[in-house]
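Contents: one structure, followed by commentary.
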Amino acid sequence: MGYAFSLGAVAHGPCKPACARVRPMANSRRLSRRLLLALVAICLAHLYLKGLQVHSATLTTFLPLPPDALSRPWQLLLPLRVSNAPGGDAWRWSTTGLVPVSALDLLVGAKVSYLCWSLANVVSVFVCSWVAFRSAVFTVTATICMAFGSQFDYALVNSGCASLLPMSIWLQLNLLSLVLLWRHPARSSVRILYASSLVLLALAFETWLDYLAALTTALAWAFVVHRSRLHAAHLAGLRFVAIATSAITLSYLVLKVALGGAQEHLRPGQEAELVVGYFRTLPLGKAAVITLEDLLSNLVTYLYVSLTNYLPPFLLASNSLIDLGRDTIIAQQFGYHAEYQKLTYAHHLFLWYFQAGAVAALFAQFLRRAFRRAHGSYPSVDQVVPLFCSLMVLFGASTHMLIKYRPYLSVPLLSYKCFIGVMGTTLLLSWVLSKLPERFGVRRGNTLVAAGWLGIVAAGLLRPAWLGELAKHVGLGSIPPPW
């Protein structure tokens, strides 16, 4: 939420360290009773809709805790073995992700546990957004996105994805700590919050490396472009973020390799096998070509999935594919060129590639302009926020991008694989809507904001059924709709 300020890339001119403040957004106000009622209404609607989905889903505990977990709790700090992973046994280092989810599963059952974590995530984003920006529009938008978005729905099919719910909370706390670091760069309690929340995030799941890529890029940009312009206190805060992040990252990587958690990425046939596996079985030139093609395809795919997460489903893929299905599409050829009729089905299966290419091109243009706007002498908050959000989207699936192309990527489905990118889109959308009243006037701006909220909710209601249909075409489980 306020990461952009904390990176030291924004300077409003000289200021005293003790009184450094982030300027609230134009539509900010005191936390009113109306805003709290909005939170209650969103939470109730969220529980009702998710309850309908959970009721028709089969939820199990993805990572059962070891029988001797109570007598040997220290082993929960280590990677745990998953025997039902695709491609063979795998190890998951998820001390602050799957472990607390599994623990709550034991207490209240998997379905109630999922609802508890989901509700906690909604409340957390409300609190963190408000504390960071004091903007009612930003706060409500981010809360609606977390409450009605489809990014966590695949946990109803693959319960391992439930680890993203506590991970989302740790991410929100880390982003909030970055805002507070900009306000109070020397305050030890804020520094502790940053370091502890980053450790919690790192131990939740390896997806945190996607966030690390965005954060590292932003840090490097801040040092290179704005180091000489920053106040000494803010520069000290920036150095702390860089040092703490480096120490945590180095410790994580050393322990992950030492504990054997990296082996599955090199094992042929594993879902998470990296593209470097091509170089083991193919000549160097051919391996390089297919690796490059996989990387580019994965990048465009995950950008598209991230940026369209809150759009209506009929904009995602072929409507004929959903309405008619494979057999009817092929039957409409009436026997023409029978040997290759299957290509007409492939055409509709991959029709979304056109939209994906257009979205990627527009995003590249937006990112370029964001960098250019943020290179001023004293770039404003409005210049840096969209830049960091864009970096989160760009690097939002950097670890999964390095994995070989898999059949499930034939459809824009698995948003959990670009979770950081979806979070970046959430923050970017919240920022854009919060600026509408300022740009178009209060009355017209609020009308546009309300329309945006309705669009997010409507998309959240319609997307699960569509995503469930898309999942059938790549052999994955169907996501239950909320109706």
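The values are calculated or read from the model by the stated rules, or taken from the named source; none is laboratory data. Keep in mind that what you see is a predicted model, and the values were worked out from it rather than measured. Cβ atoms come from the backbone with ideal geometry, glycine included; neighbour counts cover every protein chain shown. For the accessible areas, the whole protein counts, side chains as well, though only heavy atoms, and no ligand, DNA or RNA atoms are used. Shrake-Rupley method; radii C 1.70, N 1.55, O 1.52, S 1.80 Å.
Shown are Ser32, Ser113, Ser228, whose ranking by accessible area with a 1.4 Å probe and every protein chain present, most to least, is Ser228, Ser32, Ser113. Residue order by solvent-accessible surface for Phe419, Phe440, Phe240 is Phe440, Phe240, Phe419, largest first, with ligands and nucleic acids left out and a 1.4 Å probe. Which distance in Å, rounded to a whole number, links the C-alpha centroids of region 174-191 and region 88-117? Centre-to-centre (Cα) distance: 30 Å. Roughly how far apart, in whole Å, are the Cα centres of region 408-483 and region 124-152? Here the two parts' Cα centres lie 13 Å apart. Per residue, the chain exposes an accessible area of 44 Å² to a 1.4 Å probe, with every protein chain left in place. Each peptide among 331-344, 357-370 gets the average number of other Cβ atoms lying within 10 Å of its residues, and from highest to lowest they stand as 357-370, 331-344.
Pick the calculated semi-axes √(5λ) of the Cα gyration tensor in Å for this structure from (1) 59, 21, 18; (2) 35, 27, 25; (3) 47, 25, 19? The listed entry that was calculated here is (2). Could you work out what % of the accessible surface of the chain is carbon and sulfur, using a 1.4 angstrom probe and leaving DNA, RNA and ligands out of the count? After summing per-atom areas, the C and S share lands at 67 percent. Give the separation of the Cα centroids, region 53-72 to region 274-304, in Å. So the separation of the two Cα centres works out to 35 Å.
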